[in-house]
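The values are calculated or read from the model by the stated rules, or taken from the named source; none is laboratory data. On a predicted model such as this, the values are computed, not experimentally measured, just so you know. Note that each Cβ is placed from the backbone with ideal geometry, even for glycine, and that neighbours are counted across all protein chains shown. Side chains included, ligands, DNA and RNA excluded: accessible areas come from the protein's heavy atoms. Shrake-Rupley method; radii C 1.70, N 1.55, O 1.52, S 1.80 Å.
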Amino acid sequence: MGLPRTFVGFSSTDRHMYELMRAWKNNTRIDFNFADCQLNMALNSEDEDYIKRKCRERIDIAGTFALLIGQDTRSKHKYVRWEIQVAMEKGCKLIGINLDGSRHLNADLCPPILKNVGAVFVPFSPAIIQYALTHPTNSQLGDYYYSPDIYKYLGYKD
């Protein structure tokens, strides 16, 4: 089975966390990998339609949409919310990655559009993100999260 093609959405204030994910991918001592469908370079444009068209092209080739959920993600409507909508319309598997370390949906930080739509929520950590990328859930509605047994299996402590 090939790696899931994944588009990672994030607030511009959390770009460094996305870059950390890319560093995990390139570190041979960390078992973390994904087929990154992110734009190859930042778009040097203020044209919203152009930016959205380029993002849609990348989301259209992805089977998974992972959202980094930080302190201001909930309030990002111009692109983050739009990316979530496009991914949902396409039928992408949805993963909410909590930068605050939460193993469940954090209603104070998560954009409302990602609630109760079958997304799985995990903390920002390579082993559980890798697990979420490679183990689809059967959830179509509601919010999904992994049991403590999965975390224990992956080497996490309670």
Give the calculated FRET efficiency between residue 134 and residue 157 to the nearest 0.05, with a Förster radius of 22 Å applied to their Cβ-Cβ distance. 0.50
Suppose every K and R has +1 on its Cβ and every D and E has -1 on its Cβ; what is the size of the dipole of the chain about the Cα centre, in Debye to the nearest 20? 220
Reachable lysines from residue 78, criterion Cα separation under 27 angstrom, eight or more residues apart if same chain: 52, 54, 90, 93, 115
How much accessible area does residue 92 have with a 1.4 Å probe, in Å² rounded to the nearest 10? 10
With runs of 4+ DSSP H residues as the only contributors, calculate the mean residue ellipticity of the chain at 222 nm using -39,500 (n - 2.57) per run, divided by the residue total and rounded to the nearest 500. -9000 deg cm²/dmol
Hey, what do the phi angles of region 115-127 turn into as Karplus ³J(HN,Hα) couplings, whole Hz, using 6.51/-1.76/1.60 and θ = phi - 60°, x for Gly and Pro? 7, 6, 10, x, 6, 9, 10, 9, x, 6, 7, x, 5
Taking H as built 1.01 Å from N, whose amide H comes closer than 5 Å to the amide H of residue 5, not counting residues under 5 places away? 63, 64
In order through region 67-76: 3J(HN,Hα) via Karplus (6.51 cos²θ - 1.76 cosθ + 1.60), integer Hz, x for Gly, Pro: 10, 7, 10, x, 4, 10, 4, 4, 8, 8
Skip the ligands, DNA and RNA, and give the accessible area per residue of region 79-148 with a 1.4 Å probe, whole Å². 42
Just add up the charged neighbours of residue 50: K/R +1, D/E -1, any other residue whose Cβ is under 14 Å from the Cβ of residue 50. +1
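Largest first, how would 53, 58 line up by accessible area (1.4 Å probe)? Write out the running numbers ahead of the final one.
On the way: 53 125, 58 65 Å².
The residues order as 53, 58, largest area first.
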Region 52-139, accessible surface, carbon-and-sulfur percent (1.4 angstrom probe): 47
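Does region 88-128 classify as rounded, prolate or oblate by the C-alpha gyration tensor (a ≥ b ≥ c root eigenvalues; a/c under 1.5 gives rounded; else a/b over b/c gives prolate, otherwise oblate)?
Working: a/c = 2.60, a/b = 1.35, b/c = 1.93.
Taking the square roots of the gyration eigenvalues as a ≥ b ≥ c, region 88-128 is oblate.
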Out of residues 5 or more away from residue 98 or on other chains, whose amide H comes under 5 Å of its own, with H placed 1.01 Å from N in the peptide plane? 69, 122, 124
Hits among aspartates and glutamates - C-alpha to C-alpha of residue 25 under 20 Å, sequence gap 8 or more where chains match: 14, 36
